[in-house]
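K.L.:
Let me begin by handing over the structure; questions about it come next.
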Amino acid sequence: MPNCHHSHNVFRFAPSLFALVALLALGFYPHSARSQGKSQARTNNPEEYWYSQVEPLLDKSCLKCHAGVRQSGGLDLRSLDTILRGGDSGPAVIPGKPGESRLVQYVLPQPGSHMPPDPKKQLSTEAINTLKTWIALLPPQTEQTKSVPEYMKAYQRSLPSLEAPPTNLTPSATIDWFVQAGWKKEKLTPARPASDTVFARRLYLDLAGRIPTNEELKQFIGDYHGDKRDQLVAKLLASADYPRHFREVFDTTLMGRGVGKNALWNAFLEDAFGTNRPWNAVVRDILVARPMEKSKQGAVWFLAARNNSFQAIAEAVAPVAFGVKLGCAQCHNHPLAWEIEQRHYWGLVAAFNRGKNIDTDSGTGISESAIGGFINFANLKKESQTASLVFLNGKSISERIPAADEKEEDKPDLYLVPPTKGRAAVPKFSRREAFADSVTKENPLLARAFVNRIWAKLMGRGFVQPADQLDSKHRPSHPELLEWLARDFETSGYNIQRLVKNIVLTRAYQLEAKSVGKVLPPPESFSRALEKPLSAEQLLHSLQVATAAKTDNPETEKLEQGFVKAFPDLMPDTYNPSLQQALFLTNSPLVDRLLKPTPGNTTTKIAALATPEQQVREAFQVSFGRLPDATELTQCQAILKTASSPERGVQNLLWALLTSAEFQVNH
């Protein structure tokens, strides 16, 4: 099997195709699960001290009784904010004064009120001293810190750990400044810069969703202008491949797999990315779902595909609007992330539950009633509460709630567009539209969520990983950079292409996957390129490029469905190649047809070359954009010589290369 750019312990080719199938089934993705934690050294920064020392201590000894689901004495110990809020007896901590703080007083070995109540689980002297040290480090609360909205406290840094970057840097250089500060702090040596060949393959896969053709790669490598990488980025962002690829990514991100294709939705997304529409405008279109232009008709599909399941809608909206999953807050406040409350879940459900799918003269529409839609939910105390339009970003929408014995009347004067056959009703007060305004205007969580997801797509993991868990329990690896990028994205007018360009032109993006030294640095340091498994669509498009297959073949749709079924994951947290994938690539007649010799395809062209050496070199160039090393060259020539015909030999060789781990990974 071909090595992975000579950067790892590798599997080499064996003449037996059975051996190749076995290697394929085993997979080869050496770095995906080798995350190493950062040093937990003591620090004088109270935030760092909280994450490294105090939070693990409380998690182990206290949160069973003082967390989201169960809060004995009304006390929640999951964060500084909830600790300062205190319980039934008042604040648990007085910043700077450990001796006067109840959190310390209650855990001291003394008679009277005492925690933990189990005598076998008492805190050690060292643990108590850890709490004292942390409280002593906390700065006094000021009116300014008290005025920060509660929902923002989960995302803001208590104290900045870095100086501000120089103001004369380009956006890409500013990003690098933040990343390099992390390298310096952790004493990490970054990997070497990637070669032009590696950079081109990585960039084509990330922006165009496919590998470059042989001609495209040769043209780029032969370009000696100093700004050729900048020019390639601009070329790909302007290409037809870019909006198609980002449509494929965000169709899966927003809709998941298995929903089925919708041509209008695809056209809406491609137009949004192709014309570089502001992301907040795109989000507003899919939330309001009242297209005024034909090009936006497909925006309705985001809500319509969920078939009036308002909880499914709420759970799909939360990662987009707030960067978090809300499913855990359906029955109680989130057990880990203190800021996510049950009322936020049901408030989001209520924002959409006046809508209804209908058939209109222009296709599927979402009608909205002007009345009704009031729902109650039960908290853990079995108390019934009416869902209010209150959301995780601290915003709320006022509306009149009718009395229990009051019967609402659905009048035409409550509507801009009254309910009529073939038309979606539009009320004068639209919950859906009011909610869309609340999350697409002055909502920093929207920008933060999108920036984290784009960073994850391009860099192999988000600042917060998984990318849709931007809550207080999941600390960003680079909080200052995440904050800077989110603000820059907002002030740029939610300019998607600008964000993408600024990231891919950084030094951090353009590093080799091979690390320097024997110790593998943690992936969250971004001191080397992180290998990413290709999505089903990337793999299919790349196979079509490598084999010179015709994409207008009537079997293309079946082939795409087969790849999606075998490779359903998009940007998985950990990558584990499966036997199902190996068997699909081995046994699918549709894949086999890509490799059969036909006029003008890659198999035919390579088979026509004069010698086995030339054939092997060209096969490697087409598949990997590189030449084989001496061992690979020898073993691959042996495969060709044992085949029944040149065409069959080349077909076997291409199959081995194109189903290998090196081809299936962006590195």
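K.L.:
Taking strands (runs of 3 or more DSSP E) that do not extend beyond the stretch 335-414, which have at least 2 residues that are touching a helix residue (DSSP H, G or I) at 6+ places or on another chain (Cβ under 7 Å) and among the small types (Gly, Ala, Ser)? Can you show your working first?
P.N.:
Working: elements: 355-360, 363-368, 376-378, 384-386.
Qualifying strands (runs of 3 or more DSSP E): 363-368.
K.L.:
Looking for whichever is assigned to a loop (DSSP other than H, G, I, E, B), touching a residue at least 60 places away in the same chain (Cβ under 8 Å), closer than 21 Å to GLY258 by Cα and not polar (S, T, N, Q) here; the options are PRO577, PRO628. Which one fits? Walk me through how you get there before you give the answer.
P.N.:
Details: PRO628 fails: closer than 21 Å to GLY258 by Cα.
The conditions single out PRO577.
K.L.:
Report every pair of residues separated by at least 6 positions or lying on different chains whose Cβ atoms are under 7 Å apart, first residue within the stretch 235-250 and of a type in the set (Gly, Ala, Ser), second crowded, with 16+ Cβ neighbours inside 10 Å.
P.N.:
SER239/ALA208
K.L.:
Looking for whichever is closer than 15 Å to ASP468 by Cβ and surrounded by fewer than 24 Cβ atoms within 10 Å (Cβ to Cβ) here; the options are ALA316, ALA304. Which one fits?
P.N.:
Working: ALA304 fails: closer than 15 Å to ASP468 by Cβ.
That would be ALA316, the only listed residue that is closer than 15 Å to ASP468 by Cβ and surrounded by fewer than 24 Cβ atoms within 10 Å (Cβ to Cβ).
K.L.:
Could you list all residues from the stretch 550-571 that are outside any helix (DSSP H, G or I), surrounded by fewer than 19 Cβ atoms within 10 Å (Cβ to Cβ) and not β-branched (Val, Ile, Thr)? Show your work before the answer.
P.N.:
Taking the stretch 550-571 and keeping what is outside any helix (DSSP H, G or I), we get 550-555, 567-571.
Filter once more, so that each one left must be surrounded by fewer than 19 Cβ atoms within 10 Å (Cβ to Cβ): 550-555, 568-569.
Answer for the stretch 550-571, where residues must be outside any helix (DSSP H, G or I), surrounded by fewer than 19 Cβ atoms within 10 Å (Cβ to Cβ) and not β-branched (Val, Ile, Thr): LYS550, ASP552, ASN553, PRO554, GLU555, PRO568, ASP569.
K.L.:
Looking at the stretch 462-479, can you tell me whether even one residue there is of a type in the set (Phe, Trp, Tyr), surrounded by 23 or more Cβ atoms within 10 Å (Cβ to Cβ) and part of a helix (DSSP H, G or I)? Steps first, answer last, please.
P.N.:
Initial filter on the stretch 462-479 (of a type in the set (Phe, Trp, Tyr)): 463.
Next, only the ones that are surrounded by 23 or more Cβ atoms within 10 Å (Cβ to Cβ) stay: 463.
Filter again for part of a helix (DSSP H, G or I), leaving none.
Taking every residue of the stretch 462-479 in turn, none turns out to be of a type in the set (Phe, Trp, Tyr), surrounded by 23 or more Cβ atoms within 10 Å (Cβ to Cβ) and part of a helix (DSSP H, G or I).
K.L.:
Which residue out of ARG423, ARG487, ARG431, ARG507 is of a type in the set (Lys, Arg) and under 20 Å from the mean Cα position of the chain (by Cα)? Walk me through it before giving the result.
P.N.:
On the way: ARG423 fails: under 20 Å from the mean Cα position of the chain (by Cα); ARG431 fails: under 20 Å from the mean Cα position of the chain (by Cα); ARG507 fails: under 20 Å from the mean Cα position of the chain (by Cα).
One residue alone meets the criteria, ARG487.
K.L.:
Quick one: in the stretch 214-247, of everything that is surrounded by 14 or more Cβ atoms within 10 Å (Cβ to Cβ) and among the polar types (S, T, N, Q), which residue is nearest to VAL500 (Cα to Cα)?
P.N.:
For the stretch 214-247, the residue satisfying everything is SER239.
K.L.:
Can you pull out every residue in the stretch 276-317 that is closer than 19 Å to SER367 by Cβ and aromatic (Phe, Trp, Tyr)?
P.N.:
If the condition is that a residue be closer than 19 Å to SER367 by Cβ and aromatic (Phe, Trp, Tyr), then TRP301, PHE302, PHE310 are the ones that fit.
K.L.:
Of all residues being in a loop (DSSP other than H, G, I, E, B) and among the hydroxyl-bearing types (Ser, Thr, Tyr) in the stretch 510-549, which is farthest from the chain's Cα centre (by Cα)? Just the residue, please. Spell out how you get there, then give the answer.
P.N.:
Here is the first cut: in the stretch 510-549, the residues in a loop (DSSP other than H, G, I, E, B) are 510, 512-522, 526-531, 534-535, 548-549.
Now narrow it down to the ones that are among the hydroxyl-bearing types (Ser, Thr, Tyr): 515, 527, 535.
Details: SER515: 24, SER527: 19, SER535: 13 Å.
Within the stretch 510-549, the match that is farthest from the chain's Cα centre (by Cα) is SER515.
Values quoted throughout were computed directly from the atomic coordinates according to the rules given, and no laboratory measurement underlies them. Predicted model only: the values in this text are computed from it and were never measured. Reconstructed Cβ throughout: ideal geometry from the backbone, glycine too, with neighbour counts over all protein chains shown.
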